[in-house]
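Contents: one structure, followed by commentary.
The values are calculated or read from the model by the stated rules, or taken from the named source; none is laboratory data. Please read all numbers here as calculations on a predicted model, not as lab measurements. Heads up, the Cβs are rebuilt from the backbone with ideal geometry, glycines too, and the neighbour counts pull from every protein chain shown.
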Amino acid sequence: MNQQENNTTEWLFEITPKNNFFSLNLKEVWQYRDLLMLFVKRNIITAYKQTVLGPLWYLIEPLFTSVIFTLIFNNMANISTGTVPPFLFNLAGITIWNYFTACFSGTSNTFSANAGIFGKVYFPRLIMPLVAVISNLLRFGIQFFIFMAFFGYYYYKGANISINEYAFLFPVMVLIMGMLGLGLGMIISAMVTKYRDLNILVGFGMRLLMYISAVMYPVSYFVEKLPKYAWVVQYNPLSFVIESVRYMLLNTGVFNLSMFIYTLITTVIILFVGIIIFNRAEKSFIDTI
């Protein structure tokens, strides 16, 4: 009798292997949204808890980097930024670039950094990369506030800068940067579980990527100096976002609608591929990490 009852029991949850290659598992992530926000709060609180300067590092990093870029690329290399003050030009690019690098670096080591908790408690592993993207919005917000403060200063001093009508797309550009950092980071995170030395290449690759993403120069400058290799920068989604942000906030450079569509499609594809590879890697990473 008991055996018959057991055979007809309907279970609330059933743990089975997921064989669907294209399973994104987003519904389960939504069910664990409270845990997601809990991890976000933890990251924000503990990020600089035991540092000397604390959140001031959010301000020091972009300011010092902008000063160095201005001295080297604008004063020494004579790269022109048009009517825009070089320091403000560099600060705009660095601010949006820093958000991408923060999302990427916080995501690319997901499995190695969380191996302990992943091996003890079950929850959707996709939550941890999302935590990095969401929690870094605070850092970006502080750095963007600093940029706007310098924008107001230079505008008061009479600099030929202005925010144009495309500024309403600025949140979309921030979202694209976060999605690119999330997608690329998840791909690298899955690969690092099998190839540890990839971590070394990631650091080198990020420095190289910065140089071909128009962080410290206008896209037009690269096209003029190296027209043969201009496609490397022109078809780089990151360089389009950085150039577009400068166009929206400083009214310098250009905004191409067809490139915007291309960048949006490319970003969605990278994110989709990243989630698929990440979900596949989570099933076996504990054996290789």
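For this structure, a couple of remarks:
- Segment 44-64, subset part of a helix (DSSP H, G or I) and modelled with pLDDT under 80, residue farthest from Ala281 (Cα to Cα): Leu56
- Flag if Lys225 is surrounded by fewer than 21 Cβ atoms within 10 Å (Cβ to Cβ) and free of Cβ contacts under 8 Å to residues at least 12 places away in the same chain: yes
- Total residues in segment 246-281, condition part of a loop (DSSP other than H, G, I, E, B) and surrounded by fewer than 20 Cβ atoms within 10 Å (Cβ to Cβ): 4
- For segment 186-226, a residue qualifies if it is closer than 22 Å to Phe260 by Cα and in contact with a helix residue (DSSP H, G or I) (Cβ under 6 Å, 6 or more places away or on another chain), and the qualifying residues are Ile212, Ser213, Ala214, Val215, Met216, Val219, Phe222, Val223.
- Restricting Ile187, Ile176 to residues that are within 16 Å of Ile269 (Cβ to Cβ), modelled with pLDDT of 95 or more and assigned to a helix (DSSP H, G or I) narrows the list to Ile176.
- Segment 65-94 - residue that is free of Cβ contacts under 8 Å to residues at least 60 places away in the same chain and hydroxyl-bearing (Ser, Thr, Tyr) and, of those, nearest to Val202 (Cα to Cα): Thr65
- Residues located in segment 150-171, provided they are buried (at least 16 other Cβ atoms within 10 Å of the Cβ) and more than 16 Å from Thr252 (Cα to Cα): Phe150
- Scanning segment 198-221 for residues that are buried (at least 20 other Cβ atoms within 10 Å of the Cβ) and not β-branched (Val, Ile, Thr) returns Ser213, Ala214, Met216, Tyr217, Pro218.
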